[in-house]
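Have a look at the structure below before the remarks.
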Amino acid sequence: MREGADLIVIGGGLMGLWTAVLAARDGRRVRLLEAETIGRHASSASAGGVRSLNRHPAEIPLARAALPLWREAARDLGADVGYVASGQIRVAEDEAGLARLEDRAAATRALGYTHEEIVGANALFALEPALAPHCLGALVVRDDGFADPLRTIHALSRAAHAAGVIVEEGRRVIGLAAGSPLIVVTESGEFTAPLVVNAAGAWGNAIAALVGETVPVTPTALQMSVTEPVAPFVAAVLGTESGMLSLKQSAAGHVVIGGGFAGHVDAAHRIGRPRPTLVSENLANAARLFPHLDAARIVRTWAGLEGITRDGLPVISPSRKVSGLIHAFGFSAHGFALSPLVARLVMEIADARPPSAPITPFGVDRFQPASEERRYA
Amino acid sequence: MKAVDVLIVGAGPAGLSAAAVTGAAGLSTLVIDEQAAPGGQIWRAAEAVGADPVRHAALGSSYRGAMAAIAIARQHARFATESEVVDVSPDRDVLWFDKTARTLHQTRARAILVATGAMERPVPFPGWTLPGVTGVGALQIALKQGGMVPDGPVVLAGQGPLLLLVAQQLAAFGVPIAATLDVASAFPSRTALGALPGAIGADPGLVAKGAALAARRFLSGSAYRDIRDLEAVGAGRIEAVRFRAAGETVTIPTTRLAVHDGVIPNTQLTRLLGLAHRWIDGQAAFAPQVDADGLSSRENVWVAGDGAGIGGAERAAAQGAATARAICRALGTIPAAGDAPRGTGARTFVDRLYAPLPVSHFAADDTLLCRCESVTFGDVRRVIADGATGPNRVKTATRCGMGPCQGRICGANLTRLVAEETGRAPRDVGALRIRPPLKPLLLADYATLAATDSA
Ligand SMILES: Cc1cc2nc3c(=O)[nH]c(=O)nc-3n(C[C@H](O)[C@@H](O)[C@H](O)COP(=O)(O)OP(=O)(O)OC[C@H]3O[C@@H](n4cnc5c(N)ncnc54)[C@H](O)[C@@H]3O)c2cc1C
Ligand SMILES: Cc1cc2nc3c(=O)[nH]c(=O)nc-3n(C[C@H](O)[C@H](O)[C@H](O)COP(=O)(O)OP(=O)(O)OC[C@H]3O[C@@H](n4cnc5c(N)ncnc54)[C@H](O)[C@@H]3O)c2cc1C
């Protein structure tokens, strides 16, 4: 016998959980099928940065629209998600870097946005007095921030429970058949619903492939490190033009260091592991900005699997092959910030309402087979 | 990156005897141990103990065979002591930190032998994190390492052969024992006695030694049996120990309480490596799954000694040598012949005689389970009631196991608590995922890897 629902979510990361909560609050009977455990992959490994700074132009309106949702998230979910409107700062460590940031700011302004702002050295050190003296200036977004991924997942999983979502862990989806309703096949039983959301993260392309839609996604093991708690020294989330870095300090004092370095992927076991030489490079970037961190102890490093698409943009799109199927995957290392908005966009697609931010750049059918893409020398 | 044929983690009886075999067979062998000198737990600081008449007189009998094992291994292998293995990649790149030179190294090994031994099972009870409260093993480490004798009478609580041994060693150092608090009732259980004939058959010497130790302790004065509701009380550090025995509450003033409930395999590295593990009911602990040769579920990663399941020092040494012979064959060399390790007959008796206490035996809801992140038994119970299904869900919901010890202290107890609360078997509940580095590293030390490694 097949169990029915109004909406089935495939994948229990942030995208799936947040979508399930919204759908259930709308009065739908929602079933969430998670292959492993809730939040097991990118979502719990995440650095939790809520950043509109230095976004791809196509993602700027989404990132901006997500900010008020983060400010409301704790009230909305009835639990602290550790959100801090800390601001985000990308520093220039040399003249060439500063020139690039100025170009970037001009380009963003030309698109009609005002959130990015160039600050000189004095204003920068006023914002972050602990920064190393060689920094020359920065690109700043004052109303960006960060949240705590673990608390967010925990809050969402409670909210899902409270809204009546049936959350099933250890249910891997292995088949999907068109029809009304759609049929979702797992390793242990089949389910039906007129609406199915593909929120399978780095494996979302495998779900899309079940209905013949091809999306180039590379599962990537993004690395993070964290120190023991140290005295407060930094307010904003810091990055730099001179190397990969994202650095922030939690309320408890832990310094969370990442920036997009890619570790080993063990595809068979679905795990990532940090590469020590790259952890080392990442930490050296952090200590260049904040030399006193040399004396902090690194207590943990990890690498979480995230799906990176060929163009670095997510898929947020109705299926073009099967009606009732909606894709939201491949967030390419920056989906945390977007997650509360993505759930809205998905439900707007489901209800055929106009999207609250433009989603045409994220169509599932935008990729040509690599061989057919034109390459320019 | 540097390369060796065989990299052995742990210079206890297992690692030492293995190094002698692989080194003598012509394989380049590196032994890494975080202690200042080879010897492992039983032979900790062996060379220093040998040179110190006071320590030697009090501890000497445990160190029989140590000097020879260390000398032979030193002859055949290179040693990096005072060095911690902090990470190992799937293709056997070993990341290790030399604490003396303050340098981080990466060494690629054709084969890895994990001989990381055992750790004392942490026993949570109200007040167990107060200064002055330690494990019995920690007390012994101080004796062995520097002949450091506690500055006053000691209360010993719990059960197990190591407790008996340390009681005897403390006495040999002239340390007064204020009281021994035994968690067992006076007589061994029927299941334990059932295993006794097997144990005598398998290892009569060990059983006799144990009986002698136990008898000597029973003669040593103030002993309580079948104690309950153990608690350390004090402001800032322990001032007294309180418990119930024979229906009465007893309070004994003390500045030192040492507790013990057996030793368990140290699985930090084998978990980090992602090896398959099995649950050993009698020891209430996980151990890596190995075949008869000591080969784990991962190619060319081997495990020997107490780290593969508690069997004692003699067996660890024999296993180390036998596993080393298998490593030689796997790497295409011919080792010298040797005997297979003996069975574990006596162990079953010991495990049953000192059957591990339930994890919540002494713990109240507000007792700490994870001391790094201050997570209590009650915190864990609450998130389980909220739907957390396993140790890793509990970890993300409470931060249990996310502190500097990497879950070393709370991990095994967390598995047992989740099992207790959900009515599932510990083997199904599983274990915390272990993240590198196994020991915290200064950012400055980690950040120099790229520079030192390419040199
Ligand atoms: C605290 C304690 C005290 C004990 N005392 C006795 C005793 O007095 N008599 C007795 O018969 N048995 C004792 N035992 C039991 C002990 O396990 C012995 O059976 C024996 O030492 C086991 O030998 P092994 O070679 O398997 O491991 P061990 O002797 O434990 O050696 C393992 C070695 O690995 C090293 N190591 C572990 N992880 C790392 C890492 N990541 N990097 C670098 N090095 C690492 C450790 O420093 C240790 O030296 C004790 C156990 C414990 C836990
Ligand atoms: C280390 C790291 C740092 C990051 N830092 C940031 C940051 O600072 N800011 C930011 O905005 N973003 C960041 N990101 C990105 C962000 O975390 C992700 O984009 C986001 O969490 C993706 O959520 P998701 O729900 O799509 O994916 P996931 O959380 O990976 O969830 C997908 C789920 O689908 C399940 N699944 C897969 N296949 C199936 C199947 N067949 N059947 C059932 N279930 C299935 C998986 O088990 C998984 O639980 C970071 C990511 C990583 C890894």
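The values are calculated or read from the model by the stated rules, or taken from the named source; none is laboratory data. The structure presented is a predicted model; accordingly, all values stated were derived computationally and were not measured. Here Cβ is always computed from backbone atoms with ideal geometry, including for glycine, and neighbour counts include all displayed protein chains. Ligands, DNA and RNA are excluded from the accessible area calculation, which covers all protein heavy atoms including side chains. Shrake-Rupley method; radii C 1.70, N 1.55, O 1.52, S 1.80 Å.
How large is the charge dipole for the protein assembly as shown, taken about the Cα centre, if only the Cβ atoms of Lys, Arg (+1) and Asp, Glu (-1) carry charge, to the nearest 20 debye?
I would put it at about 1100 debye.
Between B and A, buried accessible area summed over both sides at probe 1.4 Å, in Å² to the nearest 100?
Heavy-atom accessible area buried at this interface is about 2900 Å².
Going by accessible area, probe 1.4 Å, with all protein chains left in place, what is the ranking of B:Ile280, B:Ile42, largest first?
Largest to smallest exposure gives the sequence B:Ile42, B:Ile280.
What residue among B:Leu273, B:Ala330, B:Ala304 has its Cα farthest toward the positive end of the dipole of the range B:255-365, where the charges are +1 on Lys, Arg and -1 on Asp, Glu, each on the Cβ?
Value: B:Ala330.
Averaged over A:149-162, how many beta carbons belonging to a partner chain fall within 10 Å of each residue's beta carbon?
2
Could you work out, for chain A, what percent of all Cα-Cα pairs fall into each 20 Å distance bin, beginning at 0 Å and stopping at the bin that holds the largest distance?
For chain A, the pair-distance distribution reads 29, 57, 14, 0.
Along Cα→Cβ, 7 Å out, is where each label goes; now give me the distance between the ones at B:Asp151 and B:Glu239 in nm to one decimal.
Each label point lies 7 Å from its Cα, and together they span 1.8 nm.
Give the accessible surface of the range A:18-115 per residue, rounded to a whole number of Å², with probe radius 1.4 Å and ligands, DNA and RNA excluded.
Spelled out: the 1.4 Å probe surface of the range A:18-115, per residue, equals 40 Å².
Run the accessible area of the range A:104-198 with a 1.4 Å probe and give the carbon-and-sulfur part as a rounded percent.
57 percent
How tilted is helix A:14-25 with respect to the longest principal axis of chain A? Cα atoms for both, answer in degrees (0 to 90, nearest 10).
Its long axis makes an angle of about 50 degrees.
Please sort B:306-312, B:236-242, A:100-106, A:216-222 by packing, taking for each peptide the average over its residues of neighbouring beta carbons within 10 angstrom, highest first.
B:306-312, A:216-222, B:236-242, A:100-106
Using Cα centres only, tell me the gap between the range A:235-249 and the range A:110-154 in whole Å.
Value for the Cα centre distance between the two parts: 9 Å.
Can you give the charge dipole size of the range B:259-391 about its Cα centre, rounded to the nearest 20 debye, using +1 on the beta carbon of Lys and Arg and -1 on the beta carbon of Asp and Glu?
The calculation lands at about 360 debye.
Tell me, what ³J(HN,Hα) does each residue in the range A:213-224 have, in order and in whole Hz, if you take phi through Karplus 6.51 cos²θ - 1.76 cosθ + 1.60 with θ = phi - 60° and put x for Gly and Pro?
After applying 6.51 cos²θ - 1.76 cosθ + 1.60, I find 9, 9, 10, x, 10, 10, x, 10, 9, 7, 9, 9 Hz.
State, to one decimal in nm, how far the label point of A:Glu36 lies from the label point of B:Gln75, with both points 7 Å from Cα in the Cβ direction.
The modelled label-to-label distance comes out at 4.9 nm.
State, as an integer percentage, the relative contact order of chain B based on alpha-carbon contacts under 8 Å between residues 6 or more apart.
Taking the mean separation of contacting Cα pairs over the length of chain B, I get 19 percent.
Can you give me the angle between helix B:411-422 and the longest principal axis of chain B, using Cα atoms only, in degrees from 0 to 90, rounded to the nearest 10?
It works out to around 60 degrees.
Where in the range B:431-445 does accessible area fall by at least 10 Å² between the isolated chain and the complete protein assembly, at a 1.4 Å probe radius?
B:Arg433, B:Arg435, B:Pro436, B:Pro437, B:Pro440, B:Leu441, B:Leu442, B:Leu443, B:Ala444
Which of A:Ile10, A:Asn282, A:Leu150 sits closest to the plus end of the dipole of chain A, meaning its Cα is farthest towards the positive end, when Lys and Arg get +1 and Asp and Glu get -1 on the C-beta?
The one lying farthest along the dipole's positive direction is A:Ile10.
For chain B, take N as its residue count and report Rg(C-alpha) divided by 2.2 N^0.38 Å.
In units of the 2.2 N^0.38 Å rule of thumb, it is 0.97.
How much accessible area per residue does the range A:283-377 have, in Å², with a 1.4 Å probe?
40 Å²
With each label point set 7 Å from Cα along the Cα-Cβ vector, what nm distance links B:Asp98 and B:Arg342?
About 4.1 nm, to one decimal.
Considering the alpha-carbon set of the range B:306-435 alone, what are its Rg and its Dmax in angstrom?
Rg then Dmax for the range B:306-435, in Å: 19.4, 58.
If the only charges are +1 at each Lys and Arg Cβ and -1 at each Asp and Glu Cβ, what is the size of the charge dipole of the range A:251-305 around the Cα centre, to the nearest 20 debye?
120 debye
Tell me the relative contact order for chain A as a rounded percent, counting alpha carbon contacts under 8 Å between residues six or more apart.
22 percent
Against the longest principal axis of chain B, how steep is helix B:13-24, in degrees 0 to 90 to the nearest 10, with axes from Cα atoms?
The angle comes out near 10 degrees.
Using just the C-alpha positions of the protein assembly as shown as equal point scatterers, what log10 of I(q)/I(0) does the Debye formula give at each q in 0.04, 0.06, 0.07 1/Å?
Log10 of I(q)/I(0), two decimals: -0.20, -0.45, -0.61.
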